[in-house]
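Coordinate-derived values only; no laboratory data. All figures in this text were calculated on a predicted structure; none of them were measured in a lab. Cβ coordinates were reconstructed from backbone atoms using ideal geometry, including for glycine residues, and neighbour counts include every protein chain displayed.
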Amino acid sequence: MPLREAHRAAHRDYVLAQDQPIRLAGAMYDGQDNQCGSLLILEAPDADSVRAWFEHEPYCRNGVYGQFVIVEWRPALNRLLPMPDWLSARGPVSSEGSSP
């Protein structure tokens, strides 16, 4: 985690400045609530475009990711609801779309 922390600000700056292809992104956690990875879903014409985006991503450039895998994904079901407040600090959004 120290390596991740050292590059977190640059990672966030890059992701926010270059967010056009990102459709979903978030941290992954193990059974003890420790961050153990990241999952990003990008929309791109091909794997080379995704690879090019990550060439400049600070976590990739600085060895934070122990493994980096590009997999083509074709969604078959989408139950994600628009949640305009998902980034707010107000807490989780209920299934009805409003904060508790």
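Taken together, the criteria place Arg4 among residues that are in a helix (DSSP H, G or I) and in contact with a Phe, Trp or Tyr (Cβ under 8 Å, 6 or more places away or on another chain).
For segment 27-72, give me each residue that is part of a loop (DSSP other than H, G, I, E, B), surrounded by 10 or more Cβ atoms within 10 Å (Cβ to Cβ) and without any contact (Cβ under 8 Å) to a residue 40 or more places away in the chain.
Glu43, Ala44, Asp46, Tyr65, Phe68, Ile70
Listed conditions (1) within 25 Å of Leu80 (Cα to Cα); (2) surrounded by 14 or more Cβ atoms within 10 Å (Cβ to Cβ) are all met by Arg23, apart from (2).
The set of residues in segment 7-26 being part of a helix (DSSP H, G or I) and not hydrophobic (A, V, I, L, M, F, W, C) consists of His7, Arg8, His11, Arg12, Asp13, Tyr14.
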